[in-house]
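Everything below concerns the one structure shown next.
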Amino acid sequence: MKLKIKRFLNNKSYFDEYEVDFRDDETILELLDRIRDKDRSLTYRSFCRSSICGTCTIKANNKTILACKSKVKDFIENDELVIEPVDKAKVIKDLVVDNSFLEEKIKKVNGWFVDEIDVTKENLQTPEELKKYDKQTDCILCGACFYECDALEYDKNFAGPFAFTKVYRFVFDSRDKMDKQQRIEIAKENLLYNCINCQKCAIVCPKGISSMMDIKMLQMKDKNPPFSDSFNFF
Amino acid sequence: MKRDVLIVGAGGAGLYAALSAVKENKDLDVAVLTKVYPTRSHTGAAQGGINAALANVDPTDNEELHTFDTIKGSDYLADQEAVKYMCYEAPKIIRAMEHMGVPFSRLGNGKIAQRPFGGASKDRTCYSADKMGHVMLHTLYEQCIKEGVEFLNEWFMLNIVHDGKRAIGVTAINIATGEVELIRAKSIILATGGHSRIYWGYTSNALGCTGDGTAAALRAGLPLKDMEFLQFHPTGLRKSAILVSEAARGEGGHLKNALGERFMKKYAPEKMELGPRDLVSRSIMQEIREGRGFKDEEGREYVHLDLTHLGEEKIKERLPQIRELAIDFEGIDPIKEPIPIKPTAHYAMGGIHTNVKCETPIEGIYAAGEAQCVSVHGANRLGGNSLLDIVVFGNVAGKEAVRYAEGTDFADGGEEKLKEDIEFINELMNKESKETLGDMRNELGEIMFKHFGVFKNEKEMQEGYAKLKDLIERAHKNLGVEDKSKIFNLDLQSTLEFFNLLEIADVLAYASLQRKESRGSFYRDDYPKRDDENFLYHSMITKNPDGSFNYEKGEVDISLYEPAERKY
Ligand SMILES: Cc1cc2nc3c(=O)[nH]c(=O)nc-3n(C[C@H](O)[C@H](O)[C@H](O)COP(=O)(O)OP(=O)(O)OC[C@H]3O[C@@H](n4cnc5c(N)ncnc54)[C@H](O)[C@@H]3O)c2cc1C
Ligand code: SF4
Ligand code: SF4
Ligand code: FES
């Protein structure tokens, strides 16, 4: 197999090329680790190596993936694998990009639970109520949805798929004490209605979350939609 | 740079400490310095749950039983008043986190659900499917952002600086730029996590669980406690050693050998698969030793964790992440086939010595979380007690650190140490590497697993220690940094982490040789019995300037329960 890895340092970028074999069950992260044993300047992030920390997001043959969760054999095309950094974020070095947008976007959408702390008793919540937002709490902030999102091509102020999934998670959590419509208004300030339904977020999410659907649900819950006459759901 | 309270580490311990600190005093500058983005921290990998005697499932449960189970599980090496404090805080802190938004799994009546876990006498482990750590970490992170905690992300702490009496600060590299700085702090909390990566290749831990804070503490002259105690979790995946949570057995999974026998009936007839971890790990290794394990083409030996009888629905609802891991990393769907597993190095009971107030012997320096050793886990931690420990003592550390910072000013000094560290890094950067870092790390893992593994004895350990000494010498002679750029130099970072691992492995090996008994996770074939007369003490190790170790015996608090034999 031919392996190409995009390198970047000090404003210079180029491709390294390797001829390599790979094991049938080898992950892309394991393959990169093998290459790095030979060239220790090759730089990429990795941590848990078990698809739970969201660190190792890169592009393999133009698809945004978690390197530790993806098998080499599932991504090669014509005996070639091209590894690149993700889109829409500033590259710092090789496959490492600036991820400060994560904190920034969470701040913008008030992405935190609101309640008074009471150590004497818990909020009650039925399993059915939990189910409404449980899936959304699986998000590992890997950013894959953000790097692929078409709405961000048009306006960088779009909070991004994962950020709206967070908003959804609080709006549909029966325990959260912040006014639901207020949460939705904040989401709207961050361009909730800019989503163009391209579905890319849903396709790339390694945790099977569809931010597109979450955005739709938030729009449906909006008591004060911006263009209620002409807007057609689904 | 200067911060009133500097927390090193953004796992559960660090984030909880930060939250407590900002809530305690809004006027102080509280910053969290972390080598990985906060939500990458290893706490996120915790699956099974967190213990608290809420008595939601079993009304007969209470804090006292939790205290006793923990002490018994620890093989009587835990400090009993400290355990009691943790267990009585547990229900309160769980409810506090519930009000922060942690999405706990629920019972039909809306209360927090609880499941059985190894070594616990009641159904006490609160959970969120099998992603407890993940949801805790993200919730705490969100709350920190809400409260305005400052994050110094992707900074790597090198050393702790103090003047022999009180804290000065830490030296750290800003990974993005490669600049080394002295960050002054009135108080410092070390929440840098565990060090199970000394068993490289044989551990459930993330790549960065390299005990950096613990090694830095040792270099700074702080005592490390009970370092010989490192827990092997019974169920790591065969190929990657990635963890399959105890929840799999809590939900009714069976361990089976190659003859199809549920072999735990021989070792823990009553508790079966839900015996404490040390016992279950040894039982698995015993089956393998006696030829009743499986062996694959690559020579890996293992047994089966069978979930198939639980049925598709239960597995999908309660153990979705475990299923995903088994499919991704073993190519096996646990709904249809048993999972191949073997014990994996998992949790460091030992760490930086503190008292119950998280204080180290140096004023203004605190430790919390897996890096810390109070000790509440003694010789063997119970499942679900670490997530509890990190938040309970994270909370204490945050408050104590604020209290100290309020009454003091920044200390002077530390310029010397900064200069030394910069020189050390420059030297490493200029050195040509004669050996491969990856190979050396694997070698370390092999030595540790073979010679300081589930079963130990004098001969094996002496042989292993000699190999380790040789590896340490070679590493210092032959290892340099090949990536010569300053920007995001992860080669430099991995090299520094490796040196930390070597330092920790050295202490662990040394401490292991001193303990001539078996207790909890620490098992020797040549001394198979616990020996309270001679070894009911905490080992305390400091490093002398010439690199040799000082070994002292610390008292164990047994004021509540008389040590007794453990039976399960
Ligand atoms: C796979 C797995 C499953 C587990 N499941 C459970 C469970 O179900 N229940 C339970 O109770 N326990 C469980 N545990 C144990 C528990 O998760 C850990 O002990 C606990 O999360 C440790 O938390 P911590 O905050 O101390 O450290 P960590 O979460 O490891 O965080 C350490 C932090 O320190 C930072 N850091 C480290 N070194 C440096 C440095 N040099 N410079 C700057 N920053 C640094 C890191 O960036 C990180 O933010 C599990 C452990 C594993 C490995
Ligand atoms: S569906 Fe909407 S949110 Fe998702 S990627 Fe497309 S534009 Fe972005
Ligand atoms: S929603 Fe999915 S793709 Fe987006 S950050 Fe979260 S886990 Fe990643
Ligand atoms: S390394 Fe953690 S998600 Fe890939």
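The values are calculated or read from the model by the stated rules, or taken from the named source; none is laboratory data. Keep in mind that this is a model prediction, so the values were computed, not measured. Backbone-built Cβ (ideal geometry, glycine too); neighbour counts: all protein chains shown. Ligands, DNA and RNA are excluded from the accessible area calculation, which covers all protein heavy atoms including side chains. Shrake-Rupley method; radii C 1.70, N 1.55, O 1.52, S 1.80 Å.
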Fill in the blank from the handout: Note on region A:155-234: alpha-carbon gyration tensor, axes a ≥ b ≥ c; rule is a/c under 1.5 for rounded, else prolate if a/b larger than b/c, else oblate; result oblate
Handout entry: Total charge dipole magnitude, region B:235-343, about the Cα centre, Cβ charges on Lys, Arg, Asp, Glu only, Debye to nearest 20
Key = 380 debye
Exercise for the section: Would you list, by chain and number, the lysines whose Cα falls below 17 Å from the Cα of A:Lys38, excluding same-chain residues fewer than 8 positions away? Expected result: A:Lys2, A:Lys4, A:Lys6, B:Lys431, B:Lys434, B:Lys484
Completion exercise
Counting only protein heavy atoms with a 1.4 Å probe and every protein chain in place, the carbon and sulfur fraction of the accessible surface of the protein assembly as shown in whole percent equals 48 percent
Problem - Buried accessible area, chains B and A (both chains, 1.4 Å probe, Å² to nearest 100) - result: 5400 Å²
Fill in the blank from the handout: Checked against the positive end of the charge dipole of chain A (+1 on Cβ of Lys and Arg, -1 on Cβ of Asp and Glu, about the Cα centre), the farthest of A:Met220, A:Val82, A:Phe158 is A:Phe158
Fill in the blank from the handout: To the nearest 20 debye, the protein assembly as shown has a Cα-centred charge dipole, built from +1 on Lys and Arg Cβ and -1 on Asp and Glu Cβ, of 1080 debye
Exercise for the section: Within the set of other residues whose C-beta is less than 9 Å from the C-beta of B:Leu28, count the net charge using Lys and Arg as +1 and Asp and Glu as -1. Expected result: -2
Problem - Charge dipole of region B:355-446 about the Cα centre (unit charges at C-beta), most positive-ward option of B:Tyr404, B:Ile425, B:Gly378 - result: B:Gly378
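Using only C-alpha positions, report the orientation-averaged shadow area of the convex hull of region B:43-178, nm², one decimal. Intermediate results must be reported in sequence, preceding the final value.
Values: hull surface 46.1 nm².
Mean projected area for region B:43-178: 11.5 nm², to one decimal.
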Exercise for the section: Report the calculated FRET efficiency for A:Asp150 and A:Lys177 (r = Cβ-Cβ distance, R0 = 41 Å), to the nearest 0.05. Expected result: 0.75
Exercise for the section: Tell me the label-point distance for the pair B:Thr408, B:Glu147, using the 7 Å Cα-to-Cβ offset, in nm and rounded to one decimal. Expected result: 2.1 nm
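Quick check for you: with a 1.4 Å probe and neighbouring chains kept, what is the accessible area per residue of the protein assembly as shown, in Å²? Display every interim value, and only then the final one.
Numbers: 28720 Å² over 802 residues.
Heavy-atom SASA per residue in the protein assembly as shown reads 36 Å².
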Handout entry: Compactness relative to 2.2 N^0.38 Å, alpha carbon Rg of region B:435-554
Key = 1.23
Exercise for the section: Would you mind putting B:338-351, B:121-134 in packing order, based on average other-beta-carbon counts within 10 Å, highest first? Expected result: B:338-351, B:121-134
Completion exercise
Taking Lys and Arg as +1 and Asp and Glu as -1, residues besides B:Tyr202 with C-beta under 13 Å from its C-beta add up to +4
Fill in the blank from the handout: Residues whose modelled amide H sits under 5 Å from the amide H of B:Val32, counting only those 5 or more places away in sequence or on another chain, are B:Ile7, B:Glu150, B:Phe151, B:Leu152
Fill in the blank from the handout: Length gained, B:Asp296-B:Asn430, 0.36 nm per residue minus C-alpha separation, equals 43.9 nm
Exercise for the section: Using all C-alpha to C-alpha distances in chain A, build P(r) with 5 Å bins and read off the rounded percent in each one. Expected result: 1, 6, 13, 16, 16, 13, 11, 9, 6, 5, 3, 1, 0
Completion exercise
Dividing the mean separation of Cα pairs under 8 Å (6+ apart) by the residue count of chain B yields a relative contact order in percent of 22 percent
Exercise for the section: State, to one decimal in nm, how far the label point of B:Asp163 lies from the label point of B:Asn355, with both points 7 Å from Cα in the Cβ direction. Expected result: 2.3 nm
Exercise for the section: Specify whether the C-alpha gyration tensor of the protein assembly as shown places it in the rounded, prolate or oblate class, a ≥ b ≥ c being the square roots of the eigenvalues: rounded for a/c under 1.5, otherwise prolate if a/b is larger than b/c and oblate if not. Expected result: rounded
Practice task
Among DSSP beta bridges whose residues both lie in the protein assembly as shown, state the antiparallel percentage, nearest 5.
Solution key: 70 percent
Exercise for the section: Under a cut-off of 17 Å between alpha-carbon atoms, report the lysines in cross-link reach of B:Lys316, not counting same-chain residues fewer than 8 places apart. Expected result: A:Lys131, A:Lys132, A:Lys135, A:Lys207, B:Lys131, B:Lys336
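Using a simple charge model, +1 on the beta-carbon of Lys and Arg, -1 on the beta-carbon of Asp and Glu, nothing else, what dipole does region B:133-252 show about its Cα centre, in debye to the nearest 20?
Here region B:133-252 has a charge dipole of around 280 debye.
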Exercise for the section: Find the Rg to Rh ratio for region A:101-221, where Rh is the Kirkwood radius over alpha-carbon pairs and Rg uses the same atoms. Expected result: 0.97
Exercise for the section: Within 10 Å of each Cβ in peptide A:52-65, how many partner chain Cβ atoms are there on average? Round it to a whole number, please. Expected result: 3
Completion exercise
Of A:Phe146, A:Phe158, A:Phe101, the most mobile residue in a GNM of chain A (C-alpha springs, cutoff 10 Å) is A:Phe101
Exercise for the section: Please list, or write none, the lysines whose alpha carbon is within less than 19 Å of the alpha carbon of A:Lys108, excluding same-chain residues fewer than 8 places away. Expected result: A:Lys88, A:Lys156, A:Lys166, A:Lys177, A:Lys180, A:Lys188, B:Lys146
Handout entry: Over the protein assembly as shown: helical MRE at 222 nm, DSSP H runs n ≥ 4 each giving -39500 (n - 2.57), nearest 500
Key = -10500 deg cm²/dmol
Exercise for the section: Would you mind calculating the relative contact order of region A:101-221 from Cα pairs under 8 angstrom and at least 6 residues apart, reporting the percent as a whole number? Expected result: 34 percent
Handout entry: Neighbouring partner chain Cβ atoms per residue of B:102-112, average, 10 Å criterion
Key = 5
Exercise for the section: List the residues of region B:34-74 whose accessible area drops by at least 40 Å² when all protein chains are present, compared with their chain alone, using a 1.4 Å probe and counting only protein heavy atoms. Expected result: B:Tyr37, B:Arg40
Practice task
Rounded to the nearest 0.05, what FRET efficiency do A:Asp74 and B:Thr177 give with R0 = 35 Å and r taken as the Cβ-Cβ distance? Could you check?
Solution key: 0.45
Handout entry: Packing rank of B:206-214, B:106-114, B:367-375, B:420-428, where each peptide gets the mean count of other beta carbons within 10 Å, highest leading
Key = B:367-375, B:206-214, B:106-114, B:420-428
Fill in the blank from the handout: Rounded to whole Å, √(5λ) for the Cα gyration tensor eigenvalues of region B:178-295, largest first, gives 38, 15, 13
Completion exercise
For chain B, the Debye formula with one identical point scatterer on each Cα and no solvent gives log10 I(q)/I(0) at q = 0.10 Å⁻¹ as -0.79
Problem - Highest to lowest packing among B:161-173, B:1-13, A:82-94, B:393-405, scored as the average C-beta count within 10 Å - result: B:1-13, B:393-405, B:161-173, A:82-94
Practice task
Please name whichever of B:Leu388, B:Ser518, B:Pro276 sits farthest to the positive end of the charge dipole of chain B, dipole taken about the Cα centre and charges placed at Cβ: Lys and Arg +1, Asp and Glu -1.
Solution key: B:Pro276
Completion exercise
For region B:235-343, shape from the Cα gyration tensor axes a ≥ b ≥ c, cut at a/c of 1.5 then a/b versus b/c, turns out oblate
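So if each residue of separation counts as 0.36 nm, and I subtract the Cα-Cα distance between A:Asp21 and A:Val119, what length gain in nm does that give?
This chain segment gains 29.6 nm when fully extended.
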Problem - Spatial separation of Cα centroids for region B:514-568 and region A:70-94, in angstrom - result: 50 Å
